[in-house]
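The values are calculated or read from the model by the stated rules, or taken from the named source; none is laboratory data. Because the structure is predicted, anything quoted here is derived from the model rather than measured. Cβ sites come from the backbone with ideal geometry, for glycine too, and all protein chains shown count toward neighbours. The accessibility values were calculated without ligands, DNA or RNA, using every heavy atom of the protein model including side chains. Shrake-Rupley method; radii C 1.70, N 1.55, O 1.52, S 1.80 Å.
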Amino acid sequence: MKILAISASPRLDGNSDVLCEQFLKGASDAGHSVEKINLAKMNITPCIACYGCRNTHHCVKNDDMEFILQSLITSDVVVLATPVYFYSMAAQMKIMIDRCLPRYQEIQNKRFYYIITAADPEHSATDETISGLRGFLRCLPGAAEKGIIYGTGTWDKGDVYQHPAYKNAYEIGKTC
């Protein structure tokens, strides 16, 4: 299977990014093909709701989003990894989701996993973030949520190495 992980952390090697790597390591060790996209390294700008893509299924903007869309379309499993900022997903993830508009109906029959990190130790601190990700999946034909990896209680960079989610991400990646 082709596993695609999209990391929204603006902090490279941040906690959600580390968990993303662990998931991919598990998937790779299980023999799957893996790809990771760090949104912080990509040039994507917000959707401007011009609907220029309505008939062409291509955005009028010329940036890295076409590459991301193609990767989403050709993958079997998608991992969406984001830190929680002010009880919501990182802006980079929301921009990417909104920019799927031209071809979102082609992102079909995918299995999705979420990796969520937050300073707050309570899983309920991720409710709004998970709700936003689920809203995205509601728009995708045949999308199936398969699991959530919670890295709650991780504030400082590196906190996740001592967190149970570190091992959990690897194990879920192995069995995805």
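Observations on the model:
- Scanning the stretch 1-35 for residues that are of a type in the set (V, I, T) and within 12 Å of the chain's Cα centre (by Cα) gives I3, I6.
- Residue match in the stretch 61-80 (condition: within 24 Å of A119 (Cβ to Cβ), modelled with pLDDT of 95 or more and crowded, with 19+ Cβ neighbours inside 10 Å): yes
- One residue stands out among those in the stretch 29-68 that are of a type in the set (D, E, K, R) and touching a strand residue (DSSP E or B) at 6+ places or on another chain (Cβ under 6 Å): the one that is farthest from P83 (Cα to Cα), which is E35.
- Conditions (1) open to solvent by less than 50 Å² (accessible area, probe 1.4 Å); (2) touching a Lys or Arg at 6+ places or on another chain (Cβ under 8 Å); (3) over 24 Å from I149 (Cα atoms); number of the one not met by P46: (1)
- Lone unmet requirement of (1) without any contact (Cβ under 8 Å) to a residue 24 or more places away in the chain; (2) touching a strand residue (DSSP E or B) at 6+ places or on another chain (Cβ under 8 Å) for Y85: (2)
- Residue in the stretch 100-121 that is of a type in the set (V, I, T), farther than 27 Å from Y150 by Cβ and either out of contact with any strand residue (DSSP E or B) (no Cβ under 8 Å at 6 or more places or on another chain) or buried (at least 18 other Cβ atoms within 10 Å of the Cβ) (or both) present: no
Residue-wise test of (1) closer than 17 Å to E35 by Cβ; (2) polar (S, T, N, Q).
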{"position": "Q70", "(1), (2)": "yes, yes"}
{"position": "Q105", "(1), (2)": "no, yes"}
{"position": "Y114", "(1), (2)": "no, no"}
{"position": "S124", "(1), (2)": "no, yes"}
{"position": "R138", "(1), (2)": "no, no"}
{"position": "Y166", "(1), (2)": "no, no"}
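- In the stretch 28-137, counting only helices (runs of 4 or more DSSP H) that sit wholly within it, the ones holding 2 or more residues that are among the β-branched types (V, I, T) and closer than 25 Å to D13 by Cβ span 91-98.
Rundown of residues vs (1) polar (S, T, N, Q); (2) within 13 Å of the chain's Cα centre (by Cα); (3) over 15 Å from G135 (Cβ atoms), yes/no style:
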position: L69; (1), (2), (3): no, yes, yes
position: F86; (1), (2), (3): no, no, yes
position: P102; (1), (2), (3): no, no, yes
position: N109; (1), (2), (3): yes, no, yes
position: A118; (1), (2), (3): no, no, yes
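- Comparison of I172, I130, I149 shows that the only residue that is open to solvent by less than 30 Å² (accessible area, probe 1.4 Å), in contact (Cβ under 8 Å) with a residue 60 or more places away in the chain and among the β-branched types (V, I, T) is I149.
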